[in-house]
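To keep things clear, I will list the structure first and then write my remarks on it.
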Amino acid sequence: MTIENITMPQLGESVTEGTINSWLVKEGDHVNKYDPIADIMTDKVNAEVPSSFTGVIKEIITEEGTTIKVGDVMCSIEVEESDSETQTETSAKQEEKATEETATKQEDTSMKNRYSPAVLRLAQENDIDLQRVDGTGAGGRITRKDIEKVIQEGQPAAETVSQEEPKPVAPKAPSAPVQSSAGDVEIPVTGVRKAIAANMVRAKQEIPHAWMTVEVDVTDLVSYRKQIKDTFKQQEGFNLTYFAFFVKAVAQALKEYPELNSTWAEDKIIQRKDVHLSIAVAKDDQLFVPVIKHADEKSVKGIARDIFDLAMKARNGKLTSDDMSGGTFTVNNTGSFGSVSSMGIINHPQAAILQVESIVKRPVIINDMFAARDMVNLSLSLDHRVLDGLVCGKFLARVKEILEGMNEDTLSVY
């Protein structure tokens with residue numbers, strides 16, 4: 001018998017930590033390889049973590065409600081001999097393969113100077129010269145683990161260019177703790193709320209936000225939806241929401257203005273080919289951002305179906321990492337809460353987010369006469385490193401044009 005550790009797995013390309021919602025096993029339980037042992041919650045998805053071995057749970061190391069990083073130990077397991085031997089053989093083969101590939105890795109340094117935001121932040125926080133770090137990733141790319149290794153081993157920090165005696169820097173005063181008063185309710189910040197907070201801070205710190213708003217007359221669209229919504233519900237079994245029409249218009253406009261379907265990548269801007277639209281879905285006090293894949297290729301009906309399916313998955317805790325990954329642009333239905341004007345925080349690492357506000361009937365001047373029209377504001381937050389006002393203005397004007405032209409003569413929802 002051997003003792004092995006089971007660690008927090010990577011549950012998505014941008015997931016760095018997760019919270020243990022509940023243990024599905026207890027110390028002394030026998031589990032088979034791939035049996036679920038814990039329920040993990042991240043900012044992207046809720047998922048069950050499988051056992052990496054067959055054996056007996058020896059010790060629960062991380063308690064329920066604790067947030068841990070990818071790679072941190074969750075529990076230890078006493079591995080059965082057969083599984084241990086298999087694991088040892090697998091590890092030996094992996095080590096042999098790694099040894100064979102090492103020369104190749106040293107020769108290929110094409111990715112040496114390509115750094116992820118996490119690597120840059122860690123290096124800056126710890127005064128590490130990235131040019132002096134050997135990367136173990138593909139093409140010599142420096143990974144987060146490479147930086148953490150440098151920190152742990154205490155290797156030299158960045159060289160000082162100036163030969164002058166460094167001046168002492170006064171330590172930054174810690175923030176004064178906020179005290180509660182009698183009658184206040186203290187709510188622990190855990191799980192999804194902590195992840196949301198971290199992502200929002202990161203987005204605001206790294207992305208220079210700018211904002212634009214346009215006003216859209218959707219009177220014809222409102223009339224068209226009213227005519228067909230009941231029949232649609234009877235035939236399809238789910239609602240035909242206004243939001244599906246807005247998502248359709250955004251997807252179409254993104255194909256014409258792909259600049260907004262982009263990502264800032266330090267030394268370059270990546271313009272995405274696929275249009276994968278993130279949407280916000282709330283469940284109690286939790287917020288999830290699942291993705292409608294290839295939205296530009298779908299009808300209004302197809303988009304409405306995806307919105308319904310993703311919302312149901314979120315409410316039932318069934319969203320997968322695939323449901324949550326790959327978003328290239330976000331459309332947020334703030335109008336469902338009665339909002340008429342808002343400024344969204346961009347969903348990192350995307351370049352923009354569009355807030356769809358409430359449809360409000362207002363008097364509007366048409367041909368020098370007042371008319372009651374259904375109006376809606378569209379508020380765009382943009383990453384000013386990637387985008388400028390000109391292209392964003394054209395994009396919003398195009399979305400407006402598409403929406404104002406939606407009626408029974410120009411659009412079929414099927």
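Listed values, structure above:
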read-out	value
Top-ranked residue of region 225-242 - restricted to ones that are in a helix (DSSP H, G or I) and not charged (D, E, K, R), ranked as surrounded by the fewest Cβ atoms within 10 Å (Cβ to Cβ)	Gln234
Looking only at region 241-267, and only at residues there that are among the hydrophobic types (A, V, I, L, M, F, W, C) and touching a Pro at 6+ places or on another chain (Cβ under 9 Å), the one that is nearest to Asn377 (Cα to Cα)	Trp264
Residue in region 215-224 that is farther than 22 Å from Leu120 by Cα, under 29 Å from the mean Cα position of the chain (by Cα), modelled with pLDDT of 65 or more and surrounded by fewer than 13 Cβ atoms within 10 Å (Cβ to Cβ) present	yes
Restricting region 357-370 to residues that are aliphatic (A, V, I, L, M) and modelled with pLDDT under 95, the residue that is nearest to Gly338 (Cα to Cα)	Val364
Residue match in region 369-384 (condition: among the acidic types (Asp, Glu) and in a loop (DSSP other than H, G, I, E, B))	no
Close pairs from region 198-214: first of a type in the set (Ser, Thr, Tyr), partner outside any strand (DSSP E or B), Cβ under 9 Å, at least 6 apart	Thr213/Ser341; Thr213/Met343; Thr213/Glu357; Thr213/Leu396
Residue check for Lys301: in the same structural domain as Pro349 (by TED's automatic domain parsing), farther than 26 Å from Gly389 by Cβ, in contact (Cβ under 8 Å) with a residue 40 or more places away in the chain and not in a strand (DSSP E or B)	yes
Total residues in region 292-316, condition more than 17 Å from the chain's Cα centre (by Cα) and modelled with pLDDT under 90	2
All positions within region 37-75 that are assigned to a strand (DSSP E or B), surrounded by 14 or more Cβ atoms within 10 Å (Cβ to Cβ) and in contact with a Leu (Cβ under 8 Å, 6 or more places away or on another chain)	Ile37, Ala38, Asp39, Ile40, Asn46, Ala47
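The values are calculated or read from the model by the stated rules, or taken from the named source; none is laboratory data. Please read these numbers as outputs of a predicted model, since none were measured by experiment. Cβ coordinates were reconstructed from backbone atoms using ideal geometry, including for glycine residues, and neighbour counts include every protein chain displayed.
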